[in-house]
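Please read the structure below before turning to the comments.
Where a number appears in this text, it was derived from the coordinates with a stated rule and is not lab data. Values in this document were obtained by computation on a predicted structure and should not be read as measured data. As a convention, Cβ positions derive from the backbone with ideal geometry for all residues, glycine included, and neighbour counts pool all protein chains shown.
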Amino acid sequence: MTAVEIEKENSEITKAYKKLLRVSYTTLSDDDKKLIRKAFDVAVDAHKEQRRKSGEAYIFHPIAVATIVASEIGLDGTSIAAALLHDVVEDNEDYSITDIENLFGETIAKIVDGLTKISSLKKDTNVSLQAENFRKMLLTLNDDVRVIIIKIADRLHNMQTMDSMRPDKQIKIASETLYIYAPLAHRIGLYNIKTELEDLGLKYTEPEVYNDILAKMKASKEEQDAYISEFNNVIKNSLDKESLNYHIKGRPKSIFSIKRKIEKQGVTFDEVYDKFAVRIIYESAPENEKFIAWKIYSVVTDHFRPNPIRLRDWISSPKSTGYEALHITVMGPKGQWVEVQIRSERMNEIAEKGYAAHYKYKNEDDKEDSLEDWINKLQETLENPHTNAVDFVEQFKLNLYSKEIYVFTPKGDLKSLPKGATPLDFAFSIHTQIGMKTRGAKVNGKLVPLSHELNSGDQVDILTSESTKPNPNWLDYATTARARSKIKSSLKEEKKEVAQDGKEILRRKLKQLKIVLNEKSINQMVRHFNLKTSFDLFYRVGIGTIDNSMLKEYAASRSNALVSFIKNKITRRTATIPKADLDKEEITNKYDMLVFGKEEEKLEYKPAICCNPIPGDSVFGFLTINEGIKVHKKNCPNAVSLQSNYAYRILLAKWIDSSQQEFAAQIVLSGIDNLGLVNDITKIISSNMHVNMKSISFESDDGIFSGKINVVVKNKTRLKKLIENLKKISGIDKVYRV
């Protein structure tokens with residue numbers, strides 16, 4: 001570069017730096033300015049040799065990220081300094097985290113360290129690795145929530161300046177943005193940034209669609225401006241009469257949301273009725289905000305007929321992101337539906353700046369608590385270390401993007417839950433122990449099943465019992481990450497207890513067969529019963545799947561093997577080696593089955609060759625055009641593409657461990673009727689572990705009694721034991737299974 005070019009570039013850098021200080025949302029003190037200047041000097045020094053792919057000096061990137069953090073997100077001086085330094089340690093060997101701590105203190109060092117850890121995660125095309133990286137990224141929340149917010153700003157600037165990258169890199173980064181960063185920005189309440197990330201993501205993943213909608217929106221801009229002006233003129237006089245201080249502006253919907261509407265509703269661009277929204281922003285003292293919002297609502301609906309099912313009151317019940325507003329959809333001029341958003345200046349700041357503005361309006365005493373609450377909400381999703389990374393991200397995304405419903409506790413407190421939540425989710429949201437002990441639920445005073453979908457405004461009362469504990473069916477009823485993780489860990493604990501009991505039972509039974517329970521005999525049994533681990537062996541003994549007769553068979557095969565071994569020794573022939581490898585087919589047929597859909601149907605399928613799933617893998621079914629159902633692993637390289645592009649052809653699928661599966665059976669009883677007989681029967685059933693009674697019916701005719709009981713059991717052994725116990729009841733003549 002020539003001296004003139006260098007001078008020109010330095011002048012541009014200085015201009016960008018001054019703009020950063022000028023556009024800061026928070027008022028910067030002299031100390032803040034000194035801190036930011038120091039961070040700027042270190043960043044300039046660290047990146048002096050670096051250039052971006054576009055050819056410009058690298059320092060423009062950290063300045064741009066710091067500017068987004070300062071103006072669009074509105075964070076403080078500490079965050080602005082950390083944003084300037086976010087790439088220093090990663091890109092320069094002259095600076096370590098210790099150096100940053102010595103120069104800027106512990107807080108900034110912690111934030112920079114978190115950002116360095118995220119950047120050093122190797123981005124891979126493998127979905128599961130990407131998901132694992134995302135999980136690790138979220139774990140940095142433990143250090144400081146600002147790490148994630150600065151990372152979102154970093155991603156936004158990268159998306160804005162991606163034109164000079166290779167097309168494959170563009171698609172990869174854009175897909176990751178749509179998959180992870182846009183939902184995260186949404187959850188944090190950064191709606192403007194979420195919208196921009198989605199639009200930029202679409203620009204690189206589906207450029208034709210993006211450019212087509214963009215061109216149409218530009219062409220219809222004049223028409224839209226004229227429409228908004230006509231709308232304003234109708235209500236302006238009425239609003240002025242109320243002596244309100246307000247302004248009205250139109251806001252076009254994002255390209256991404258219009259594209260989604262076109263696909264979802266199966267319409268053309270011209271048929272999308274709400275391509276823009278009208279926003280009425282008013283000034284108000286905090287105590288009058290709600291009153292004025294409804295006054296404006298009244299004025300708007302005096303002139304335009306509202307759509308009653310499209311009223312959203314987020315002033316009385318703010319979203320969990322902190323968003324507050326009143327949304328109404330009205331029939332505007334020329335018979336067009338228009339969404340009207342009514343917000344105070346304060347609400348508008350929160351909608352645009354997200355958490356930073358929310359934080360600004362808190363009292364000093366509340367600030368620390370509110371930040372803690374917010375971090376804790378995000379941390380909840382990280383509580384379950386057991387799920388595989390892709391499941392984790394999918395679950396996390398559900399919780400990030402989900403629409404919310406508001407339900408009441410019996411005392412009238414308001415709880416927010418994701419749409420689709422059930423009474424079980426509600427129970428776990430109140431307290432883990434209430435969730436664990438849930439026996440039933442009443443919604444608006446009526447008993448409902450635990451799978452019942454809650455609606456906004458429902459009052460939910462959870463019925464608990466000390467003897468209740470989670471069962472595997474609960475995973476079909478729970479939708480929130482918190483409830484599912486707690487249920488899974490409880491089921492694992494229960495399984496461990498059963499396995500421990502099974503080990504002791506096995507020790508006793510083997511003793512009678514003159515066999516010692518040790519590592520050698522355990523390995524032999526695992527092979528004999530075609531199992532995978534000793535845990536499977538103990539668990540199956542615990543629940544009775546492996547019973548006395550099967551253990552006797554094992555003992556006989558063991559002694560036969562010993563006899564043949566001695567014979568071979570004598571005849572000097574090499575003993576044939578028993579087949580030690582597990583036969584996958586046998587395991588699949590005997591112990592693992594794949595079932596599809598909520599009804600858990602057994603259907604014909606083929607494993608996909610791209611990821612080759614085996615029993616136990618997390619999988620889903622994909623309905624192909626010519627080859628029936630293909631089964632893919634959830635972390636298959638093609639999974640995200642299939643699930644996002646062909647959602648209607650995806651089938652839920654899971655492996656059923658035969659020891660876990662439950663079967664329905666009907667028992668018929670007959671005998672002589674006497675007082676207390678029904679009580680004796682139900683007592684016997686309820687005292688039998690792993691037996692659930694679904695329905696019961698009895699008839700008595702001239703002293704002769706007959707009855708039918710429908711039960712659900714894990715295996716035949718349990719049913720046999722139950723029938724034997726029922727036969728012992730006084731007065732019972734016959735008991736048999738239909």
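Counting only C-alpha contacts under 8 Å and six or more residues apart, can you give the relative contact order of the range 1-98 as a whole percent? Walk me through the intermediate numbers first.
Details: 99 pairs, mean separation 32.4, N = 98.
It comes to 33 percent, rounded to a whole number.
Return the ratio Rg/(2.2 N^0.38 Å) for the range 402-470, where Rg is computed over Cα atoms only. Please report the intermediate quantities before stating the final value.
Values: Rg = 11.0 Å, N = 69, 2.2 N^0.38 = 11.0 Å.
Against the empirical 2.2 N^0.38 Å value, I get 1.00 for the range 402-470.
Any idea what % of Cα-Cα pairs in the range 681-738 are farther than 15 Å?
I get 49 percent for the Cα pairs in the range 681-738 exceeding 15 Å.
Counting other C-beta atoms within 10 Å, and keeping those with at most 11, which DSSP coil GluC sites (Glu not before Pro) do you find in the range 1-39?
Working: sites: Glu5, Glu7, Glu9, Glu12; in loops: none.
Answer by residue number: there is no such site.
Within a Cβ distance under 13 Å of Thr195, other residues only, what is the Lys/Arg minus Asp/Glu net charge?
Details: positive: Lys194, Lys203, Arg251, Lys253, Lys259, Arg260; negative: Glu72, Glu196, Glu198, Asp199, Glu352.
Every neighbour counted, the sum reads +1.
Report the full-extension gain for the segment Arg51 to Lys415: residue separation times 0.36 nm, less the Cα-Cα distance, to one decimal in nm. List each step's numbers first, then the result.
On the way: separation 364, 0.36 × 364 = 131.04 nm, distance 5.03 nm.
Value of the extension gain: 126.0 nm.
Based on a Kirkwood Rh over C-alpha pairs, give the Stokes-Einstein translational diffusion coefficient of the range 585-657 at 10 °C and viscosity 1.306 mPa s in µm²/s.
Working: Rh = 12.3 Å.
Reported coefficient: 129 µm²/s.
How many angstrom lie between the Cα centre of the range 242-259 and the Cα centre of the range 448-495?
41 Å
Under the 0.36 nm per residue contour assumption, what length would be gained going from the current alpha-carbon distance of Ile650 and Lys236 to full extension?
Details: separation 414, 0.36 × 414 = 149.04 nm, distance 5.07 nm.
Computed gain between Ile650 and Lys236 is 144.0 nm.
So for the range 402-470, taking the charge dipole from beta-carbon charges (+1 Lys/Arg, -1 Asp/Glu), which of Phe428, Asn455, Pro470 sits furthest toward the positive end?
After comparing all options, I get Pro470.
If the viscosity is 1.567 mPa s and the temperature 4 °C, what Stokes-Einstein diffusion coefficient in µm²/s follows for the range 1-90 when Rh is the Kirkwood radius over Cα pairs?
Values: Rh = 13.2 Å.
Once the numbers are plugged in, D ends up at 98 µm²/s.
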